[in-house]
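**Q** Please read through the structure below; I'll follow up with questions.
The values are calculated or read from the model by the stated rules, or taken from the named source; none is laboratory data. Bear in mind the structure is a predicted one, so any value in this text is a computation, not a measurement. Cβ sites come from the backbone with ideal geometry, for glycine too, and all protein chains shown count toward neighbours.
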């Protein structure tokens, strides 16, 4: 494992080259640059697009409510993948505080067993206030990881409710992790997150109600399967490892279906769009941050005194951004 | 928009994680991103996590009495990996007479019982430069 760190070697060109060579320190640093919207980051990503094969990796999304066992299940999946000789990178997204912007990134706690293994790379991310289950830069980070040679990227969302479905635009296969005791079968009929699952994992399978939930899920899936694929329902116990091999097999069967049906092209297009959206949001955040602080405080002052309404204020700021874009560079 | 990233880790074998959790919460409330890695980590595990997470600072909590061995070992491993720029600080039941040696070994600050969380936040804001 090479983890050199010379400040002078941190040009986009050298970072991109080191990432492609599998340098983990370069990967870690580039992720930070991307997360922070640093100008070098966009250059790194485009260099990687030019010089690395970015169409091979399988992105697996792990989503579900808080406490369902997503991180523990991700850990068990990595153990399984390593036994099969496959490398895996993980992105673990946790929520940022709406009050302070701070975050406790505690998922790594559930993945203690992969230290010293060069075949595993784990990165925790704050959603940085972004809704939808991911952070604005998650798609870009997954790209960096695949450029570093990881053929499997596991992306674990924040604990989700009913409508955080952004992962469907990034992952090839979405695993929805559910546990017994969260409601009746009407919950399974609702639109939103239930619709994006490609595989269901009924975790904590040793608990009462797990078998019932699994059969209710199977029943609900018989009603609609638009593309001729019925999501499988797998009982798992992430803690003991029971069912995790079967879950990985089901994930791979879904991927095989994507390839055979040609739907893989659709998922890859969506992946590119998700990256584009993230990149645009990044540019917008930077543009907003580029507004001079005296201009910003003037607009805020007028807002507070009701001289400006919020919509006119937004227009004023937008015009400042445009003016900056024309004047700058 | 850079955010201070801090890893809070518990090296060694004691299970007293209240202090580490209080500090993690306080740093969260100060707007930092805190990676908490849990109990009973080896220095090697901690350093590897710090590198993958590309943190600015690394806080070590130890209440077992093994701080004189564990804290300097973490600093040494970071240096070996070319990551001496990661700021290391520590906390726990650490006798006053041990503190000078820990600082000489590269632990920038030691916070003992009774420390206000405000002091830890101020310490990090002062010493960590994110750009």
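**Q** Name every residue in segment B:80-102 that is assigned to a helix (DSSP H, G or I) and surrounded by 14 or more Cβ atoms within 10 Å (Cβ to Cβ), in order of residue number.
**A** Listed by number, the residues that qualify are B:98, B:99, B:102.
**Q** Being assigned to a loop (DSSP other than H, G, I, E, B), at the interface with another protein chain (Cβ under 10 Å from one of its Cβ atoms) and crowded, with 18+ Cβ neighbours inside 10 Å is the filter here, so list the residues in segment B:7-39 that pass it.
**A** Hits for segment B:7-39 are B:30, B:32, B:37.
**Q** Additional query: Looking only at segment A:123-139, count how many residues are surrounded by fewer than 24 Cβ atoms within 10 Å (Cβ to Cβ) and away from chain B (no Cβ under 14 Å).
**A** 2
**Q** Out of A:247, A:176, A:258, report the one residue that is in a strand (DSSP E or B) and surrounded by 14 or more Cβ atoms within 10 Å (Cβ to Cβ).
**A** A:176
**Q** For residue A:195, are the conditions met, namely being modelled with pLDDT under 95, touching a helix residue (DSSP H, G or I) at 6+ places or on another chain (Cβ under 9 Å) and under 28 Å from residue A:141 (Cα atoms)?
**A** When the stated conditions are applied, residue A:195 passes them.
**Q** Let me ask another. Failed condition for residue A:144, given (1) within 16 Å of residue A:82 (Cβ to Cβ); (2) more than 11 Å from chain B (Cβ to nearest Cβ), with all others met?
**A** Unmet condition: (1).
**Q** I need every pair where a residue in segment B:40-51 that is facing another protein chain (nearest Cβ under 7 Å) and in contact (Cβ under 8 Å) with a residue 24 or more places away in the chain has its Cβ under 6 Å from the Cβ of a residue that is assigned to a loop (DSSP other than H, G, I, E, B) and crowded, with 22+ Cβ neighbours inside 10 Å, sequence separation at least 6 or different chains.
**A** Taking only residues 6 or more apart or on different chains, the pairs are B:49/B:37.
**Q** Scan segment B:52-65 for residues that are more than 7 Å from chain A (Cβ to nearest Cβ), surrounded by 18 or more Cβ atoms within 10 Å (Cβ to Cβ) and in a loop (DSSP other than H, G, I, E, B) and jot them down.
**A** B:55, B:56, B:62, B:63
**Q** Taking segment A:90-106 only, how many residues are within 8 Å of chain B (Cβ to nearest Cβ), under 25 Å from residue A:24 (Cα atoms) and in contact (Cβ under 8 Å) with a residue 12 or more places away in the chain?
**A** 3
**Q** While we're here: Which of the residues spanning segment A:274-315 are over 29 Å from residue A:33 (Cβ atoms) and surrounded by 15 or more Cβ atoms within 10 Å (Cβ to Cβ)?
**A** A:299, A:302, A:303, A:308, A:313
**Q** Still on this model: Mind listing whichever residues of segment A:59-86 are buried (at least 21 other Cβ atoms within 10 Å of the Cβ) and not in a helix (DSSP H, G or I)?
**A** A:59, A:60, A:61, A:62, A:63, A:64, A:68, A:69
**Q** Still on this structure: Residues being under 17 Å from residue B:36 (Cα atoms), more than 7 Å from every other protein chain (Cβ to nearest Cβ) and either within 16 Å of the chain's Cα centre (by Cα) or buried (at least 18 other Cβ atoms within 10 Å of the Cβ) (or both): count how many of those fall in segment A:112-122.
**A** 1
Yes or no, residue by residue, for (1) assigned to a helix (DSSP H, G or I); (2) farther than 30 Å from residue A:58 by Cα:
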site: A:268; (1), (2): yes, no
site: A:274; (1), (2): yes, no
site: A:288; (1), (2): yes, yes
site: A:291; (1), (2): no, yes
site: A:303; (1), (2): yes, yes
site: A:316; (1), (2): yes, yes
site: A:321; (1), (2): yes, yes
site: A:324; (1), (2): yes, yes
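**Q** Pick from A:16, A:26: which is more than 14 Å from chain B (Cβ to nearest Cβ) and part of a helix (DSSP H, G or I)?
**A** From the options A:16, A:26, the qualifying one is A:16.
**Q** Evaluate segment A:258-281: report whether one residue or more is within 14 Å of another protein chain (Cβ to nearest Cβ) and modelled with pLDDT under 90.
**A** yes
**Q** Could you tell me whether any residue of segment A:205-212 is closer than 30 Å to residue B:35 by Cβ, touching a helix residue (DSSP H, G or I) at 6+ places or on another chain (Cβ under 9 Å) and surrounded by 20 or more Cβ atoms within 10 Å (Cβ to Cβ)?
**A** Yes, because at least one residue in segment A:205-212 is closer than 30 Å to residue B:35 by Cβ, touching a helix residue (DSSP H, G or I) at 6+ places or on another chain (Cβ under 9 Å) and surrounded by 20 or more Cβ atoms within 10 Å (Cβ to Cβ).
**Q** Going residue by residue through segment A:60-71, is there one that turns out to be touching a helix residue (DSSP H, G or I) at 6+ places or on another chain (Cβ under 7 Å), modelled with pLDDT under 95 and within 14 Å of chain B (Cβ to nearest Cβ)?
**A** Scanning segment A:60-71 turns up at least one residue that is touching a helix residue (DSSP H, G or I) at 6+ places or on another chain (Cβ under 7 Å), modelled with pLDDT under 95 and within 14 Å of chain B (Cβ to nearest Cβ).
**Q** Among the residues in segment B:104-112, are any touching a helix residue (DSSP H, G or I) at 6+ places or on another chain (Cβ under 9 Å), surrounded by 22 or more Cβ atoms within 10 Å (Cβ to Cβ) and either closer than 24 Å to residue B:26 by Cα or in contact (Cβ under 8 Å) with a residue 12 or more places away in the chain (or both)?
**A** yes
**Q** Only one of A:47, A:109 is assigned to a helix (DSSP H, G or I), surrounded by fewer than 23 Cβ atoms within 10 Å (Cβ to Cβ) and not assigned by TED's automatic domain parsing to the domain that holds residue A:238; which?
**A** The unique qualifying residue is A:47.
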